Each structure stands twice: as structure tokens, then as C-alpha cells.
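The values are calculated or read from the model by the stated rules, or taken from the named source; none is laboratory data. What you see is a predicted model; the values in this text were computed from it and never measured. For neighbour counting, all protein chains shown are included, and Cβ atoms are generated from backbone atoms with ideal geometry for every residue, glycine included. Ligands, DNA and RNA are excluded from the accessible area calculation, which covers all protein heavy atoms including side chains. Shrake-Rupley method; radii C 1.70, N 1.55, O 1.52, S 1.80 Å.
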Protein chains: 2
Amino acid sequence: MTKQLTVAVVGATGAVGTKMMEQLSKRKFPVGKLKLLASKRSAGKELSFNGETYVLEEATPESFEGVDVALFSAGGSVSTALAHAAAERGAVVIDNTSAFRMDPDVPLVVPEVNRADIKEHKGIIANPNCSTIQMMVALEPIRQAYGLNNLIVSTYQAVSGSGVSAIEELHEQSVQWEKGKDVEATILPVKGDKRHFPIARNVLPQIDVFTDNGFTYEEMKMINETKKIMHAPELPVAATCVRVPVVAGHSESIFIEVEQAGVTVADIQNVLKAAPGVVLQDDPANQEYPTPLEAEGKGETFVGRIRKDLNNDKGFHLWVVSDNLLKGAALNSVQIAEAMLEDGLL
Amino acid sequence: MTKQLTVAVVGATGAVGTKMMEQLSKRKFPVGKLKLLASKRSAGKELSFNGETYVLEEATPESFEGVDVALFSAGGSVSTALAHAAAERGAVVIDNTSAFRMDPDVPLVVPEVNRADIKEHKGIIANPNCSTIQMMVALEPIRQAYGLNNLIVSTYQAVSGSGVSAIEELHEQSVQWEKGKDVEATILPVKGDKRHFPIARNVLPQIDVFTDNGFTYEEMKMINETKKIMHAPELPVAATCVRVPVVAGHSESIFIEVEQAGVTVADIQNVLKAAPGVVLQDDPANQEYPTPLEAEGKGETFVGRIRKDLNNDKGFHLWVVSDNLLKGAALNSVQIAEAMLEDGLL
């Protein structure tokens, strides 16, 4: 009989939290007891899981007594306030926020890429940024096979990455637009930032706030997390992160330069065909390539449009798409828990 | 008194043709006589220009007798069939299609960039691809100042680049989507191609059909036209062209490597502040950056998000936005005619 675990979900009503519950159920994670934790404001609400109704409790340090695994997805401030308290009480925290990702004591894990890092944990394991995860799933097999000298990515990110209110904003703006009304923007590009711009019929070259070097935090997350996950601190990485009016599914236009000379498109395709978590969707003659609408609801990372650069023998261009709420967040968190269970770490 | 010219517009009812008429009027181009030419199917329709009503005539070789300037925007096949006939009858053809762009006898012109090429014409002058034009306006001043070693672009292109039917398709799909209906796709990514995919809530990594090397024609246009316009056949250029659910305004995430070492972001900003046709919109602290919705209806090319690469001292990232129907098409064509008039070539 499989060991039954006590699982806590912190932030279960959010865009990612909802998907975490779905994934725990769908993947038959051995949830013996479930605790749904939330802010004081949401406490008392009811949610169903595997046909049973659960009442949300206010998350406090004491909530984590007896918890085996705590999946956090309620924003960085909640994780900062409660993750250590949960870990001190013996729970393994799998944190979907950016609070601990660059902490040297916290493994940052994509199971297909650096599963071995999990065992170094000291109570907290971080789930990488959504746009980083799918890029790692697609690129690590190529790096393992041919090395990697350089990486430049431009993203096309869905609004669900900014939460439920951003999804609602896109819907409202679309309705306003089709009715010929003025479009109101109050959430995107960044909830709480000084200015807001419409996302319907628009693209916004800002995700998260700006850092002093002109890159946004989202871009710096992609850059720094990539180096940490790949254990490649010297790897040159550059990112431009852009929000597009898509509900779910992040897309990425990626340029890489491999180390090895003479690699062909077919070589890259063969590596990706055998790569865990990757679906190769690359047949231009039949217009086969990934799109976010088709990737929505699926757990894999889809790769297509693989082309050799026309000037650089070691250069390749790829198009990588995945559901940002699943592999980019909820699914990856549950997969970390599954890997720990398989490896006897839970 | 300004010389009055006989102007023909071929394809006046299209997305670009409509804007050509607007620009001729708005910019007070000295139109003495106007001939609106179209396919047999559209002949007989009426359009107004400067308060007068014009009847569309079927375009034939004889239509161009007495015409000084003919603006073509009715598809490559119409240009192929009629542009030489028009030129033989003494008209200067300014062609907005891809039919003659790479013809060595045809100058490919962005007036701010290579106006001097106009005088080499033999009757036909080509207007570059929309996504190429705005990139040239932004990058040529930088290349003139600091040289250019490398260029990698990922685009976020509006549906209006695929014509009126693609704009209608986005609207119809959006309405279907908000009503919870199945979304029908019959136009994009490429009218007449084998498969069609929804553009509402989606992005499509295909613009124009695929070539044998895995790049699309749109990507190869950006690559080849850039080299021709800049007179830089050896310049490495790579492009990934993506359609996004935006009505008007193409956006571009561009990586460049300049030749000169030690160039700063402020240097690039200063060059662009003085560049013709460019508006610098680059103040991250105040969330100032270009978006397509804001660029719609404007003639300039907007540049922001200028950052120095974190690893490559000669590397810079930029975000470039312009209205694809204006600077990307209609306005650039009219500007070519204006330059010819100023230079005594008409």
C-alpha cells in the first residue's frame, strides 16, 4: 500500500493553486489528509477535492504541524512569512513563488533537468519561474548532447501568469473592445505598479517591475534561474519578456549556440524526441508547430520551428510552448513531490 | 505653384490601399488627377478622396497612360502582371508587394535609410516588407554610428498585415470566444494554405509559407531585405516571425551586436533621439516603452527597452514598434514619392 501523506496547499483559490489541486487529484498523488490554507480573508470558503468538501483555514505557523508536503502558491510575501515555519515543523515546502529561488540553501528544481538537486534541500524546494521551466525542459537535453555557449530568448507570455484578475481583465477588455467602448486597464502589466495598459489587442514588453539594469525582474529570473538549474554560472543568457493577449500557454522564440560544431537540425530533433517531458512538433511542410492554444491543458513542453542559423554553424532557432499554469507551475510542483516520494525523500 | 501629378492607386480597397489614400490626402501630396485601379471584380465600386467620389476602373496596361506615379498594393500577382507595363508607359511604380524587392534592377527603399538608392530606379521602386521597414528605421542610425556585427529579431506582428479578412477573422473569433462558441479559423496563418489556426487568444509562429530551409518567406524577407537596404550582404541576420492577436502595430524584440566596443545605452539613446522617423520611448522607471496599441495611427517608429547585454559588451537589446500599415506600408510608399518629388525625380 502506498504511503498516504498529509498535504497542505497554500493559496488554493489562485490560478496556480486551483491547478495544483487538479494535478494532485488527476495524478493520484497519495493525499491521505488535505489542508487548504489561505489568507484570513479567504478562510471559511469551501473547495472540493476528490468529491469531498474542504473548508479553507487561515494559514498560521501552527497550521503546518503534521504536514508532510506543503505546496505554496500564495505570493512571495506569504512564502516569506510562513515557509520556514512550515519547514521547522517538518513539512517539505515546495514553493511556487520567487521568494527563495536564488537562495543557495534552496534547490531550484525541474525534475526532468536537475532532479538530483532535490536531496540537498533543507526543508524548502523552489519551483522555478514558469517561463524558465519550459525553456529548461527543452534546452537541457540539447546542452547535455552538444553543450551550450549562448542563449537569447524572447517570450510571448499568457495573462494567466499574472493570476485570475489578469484573465478577467483580458475578458472584460475584449468585450469592451467588441462593443466599441473605451478599454479600461487596472491590472496589467503589473498589479500595483504605477501605470496600467490594455492587454486586449496589444502586447506589453513588461512582466514584473524593472530592475536597475533595465531588465525586468521576470527577465532576470529567466537569466539567473537558468544558470542555477543548469549549474552553469558562466552561461550567457539574455531574455526579453513580453505579455500577449493569450489566456494560457507561454511561447518562446529562442536562439542558442551549441558548443559542438557540425550539429544538424535532425540531431537536435532526435535529442528532443527522446527527451523526457518534450513533444517534438516540427514539420513545417505540414504546418506542424506548437501554439499556446493547442498546448493549453497539457503537461508537456512542445518544441518546433527548429532551424539552423544561416550564418552561424553552431546557432539554432527554436519555438518552445507549454501551459504556464501546468508545467510552468502546478504540475512541476507536484512532479517534485512525486520525485521525492519515488526517491524515498518523503 | 507645386507641380500636380497624375497618381494611380492599384488595390485601393485593401488594408494598405485605404491607408495610401489617407496618406496622400493627409500629407497633401500634389494629386492633380487620381486613378483608382482594381481587379475586374472591384471595378465600378466608388471611393471618396479629398471630398470627391471616384469610380474604380479595372486595371489594364493601358490604364497607366499619362500616369506619373503608380502605387501598387494589390498582391504580388497584380504587380507582376502590370508593373512593367506601367513603367513602360512612363509611370514610376512604387510597389508595396514582394514581387520585385530582391530584383537587382529595383531599388528597395526606406527614405530615412537609403534615399539615395531611389535614383537608380528603372521604373519600379519597391517598398520593403512592413516588419523590415521599422527595423531599418531603428537600426540604421545605430549601424552608421557604431557598426553592426549581428542581428537577431523575434517579431510580434499584427493581423492587419494579412489584410482586411484577417482583421475580420480576429473580430469574429473574439466574439465567438466570449460567447463560449467554437472558434472557426479560415484565413490565418496564411490565406490559402492547407491548415488554419485560431488567432484569438493565440500566437502563430508562421507568417507566409515555409521555404526549404525551415524559415518562412516572411523571415527570409526580413533577412534578405535588411542586407539589401543596408548594402550589407555579409551582415548576419536571423528572424523568427510570429502573428499575435493585435489589430495594428508590429512589435520587434531585437538583439544586435555593434562593431565598436564600449558603447553605452545612453550612446544608443542619443543616436536614436536624433534619428529621422524615430521616437525614443525609453524610461523604465516611469514604465515608458512602446506598445502597438499606442503606435497605431502614428507614422513614426518607436524604440524603447534599450539594454546592454549582461555578457557581451557589444550586445544590445531593443524593442521596436510601428504601425505596420503606415510606416510599414502606405506611409513609406508615399514618402518615397515625396522624396522623388523633392529630388526632382518626378
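Quick one: what pairs do we get from segment B:11-22, first residue over 17 Å from B:THR80 (Cβ atoms) and of a type in the set (Gly, Ala, Ser), second modelled with pLDDT under 95 and in a helix (DSSP H, G or I), C-beta under 8 Å, 6+ apart or different chains?
B:ALA12/B:THR18; B:ALA15/B:VAL164
Having 1 or more residues that are among the charged types (D, E, K, R) and in contact with a Pro (Cβ under 7 Å, 6 or more places away or on another chain) is the bar; report the helices (runs of 4 or more DSSP H) wholly within segment A:76-177 that clear it. First the steps, then the outcome.
Numbers: elements: A:76-88, A:111-114, A:130-146.
Filter on segment A:76-177 gives A:111-114.
May I ask you to list the residues in segment A:84-118 that are of a type outside the set (A, V, I, L, M) and touching a Leu at 6+ places or on another chain (Cβ under 6 Å)?
A:ARG101 - this is the single residue of segment A:84-118 that is of a type outside the set (A, V, I, L, M) and touching a Leu at 6+ places or on another chain (Cβ under 6 Å).
Scan segment A:140-189 residue by residue and report those that are within 11 Å of chain B (Cβ to nearest Cβ), among the aliphatic types (A, V, I, L, M), touching a residue at least 24 places away in the same chain (Cβ under 8 Å) and open to solvent by 30 Å² or more (accessible area, probe 1.4 Å).
Of everything in segment A:140-189, just one residue is within 11 Å of chain B (Cβ to nearest Cβ), among the aliphatic types (A, V, I, L, M), touching a residue at least 24 places away in the same chain (Cβ under 8 Å) and open to solvent by 30 Å² or more (accessible area, probe 1.4 Å), namely A:ILE167.
For a quick check of your reading of the model, give me the residue pairs whose first member lies in segment A:190-215 and is at the interface with chain B (Cβ under 9 Å from one of its Cβ atoms) and outside any loop (DSSP other than H, G, I, E, B), whose second is open to solvent by 30 Å² or more (accessible area, probe 1.4 Å) and not β-branched (Val, Ile, Thr), with beta-carbon atoms closer than 8 Å and at least 6 apart or on different chains.
The qualifying pairs are A:PHE210/A:TYR217; A:PHE210/B:PRO284; A:PHE210/B:ALA285.
Mind checking which residues of segment B:99-122 are open to solvent by 60 Å² or more (accessible area, probe 1.4 Å) and either under 15 Å from B:ILE229 (Cβ atoms) or hydrophobic (A, V, I, L, M, F, W, C) (or both)?
If the condition is that a residue be open to solvent by 60 Å² or more (accessible area, probe 1.4 Å) and either under 15 Å from B:ILE229 (Cβ atoms) or hydrophobic (A, V, I, L, M, F, W, C) (or both), then B:MET102, B:PRO104, B:ARG115, B:ALA116, B:GLU120 are the ones that fit.
Quick check on my filter: what residues within segment A:291-339 are facing chain B (nearest Cβ under 8 Å) and β-branched (Val, Ile, Thr)?
Passing the criteria: A:THR291, A:ILE306.
When A:GLU300 is evaluated against the numbered criteria (1) closer than 26 Å to A:ALA126 by Cα; (2) touching a strand residue (DSSP E or B) at 6+ places or on another chain (Cβ under 8 Å); (3) open to solvent by less than 10 Å² (accessible area, probe 1.4 Å), which criterion, by number, is the only one it fails?
Every listed condition holds for A:GLU300 apart from (3).
Residue-by-condition table, conditions (1) open to solvent by 40 Å² or more (accessible area, probe 1.4 Å); (2) at pLDDT 95 or above; (3) out of contact with any Gly (no Cβ under 6 Å at 6 or more places or on another chain):
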{"residue": "B:LEU5", "(1), (2), (3)": "no, yes, no"}
{"residue": "B:ALA8", "(1), (2), (3)": "no, yes, yes"}
{"residue": "B:GLY14", "(1), (2), (3)": "no, no, yes"}
{"residue": "B:GLY32", "(1), (2), (3)": "yes, yes, yes"}
{"residue": "B:ARG41", "(1), (2), (3)": "yes, no, yes"}
{"residue": "B:LEU82", "(1), (2), (3)": "no, yes, yes"}
{"residue": "B:ARG89", "(1), (2), (3)": "yes, yes, yes"}
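Out of A:GLY123, A:GLY192, A:GLY147, I need the residue that is out of contact with any helix residue (DSSP H, G or I) (no Cβ under 7 Å at 6 or more places or on another chain), within 30 Å of A:MET340 (Cα to Cα) and of a type outside the set (S, T, N, Q). Which one?
A:GLY147
Select from segment A:216-266 the residues that are closer than 12 Å to A:LEU148 by Cα, in a loop (DSSP other than H, G, I, E, B) and within 11 Å of chain B (Cβ to nearest Cβ) and write down the one among them that is least open to solvent (accessible area, probe 1.4 Å).
Residue satisfying both the conditions and the ranking: A:LEU235.
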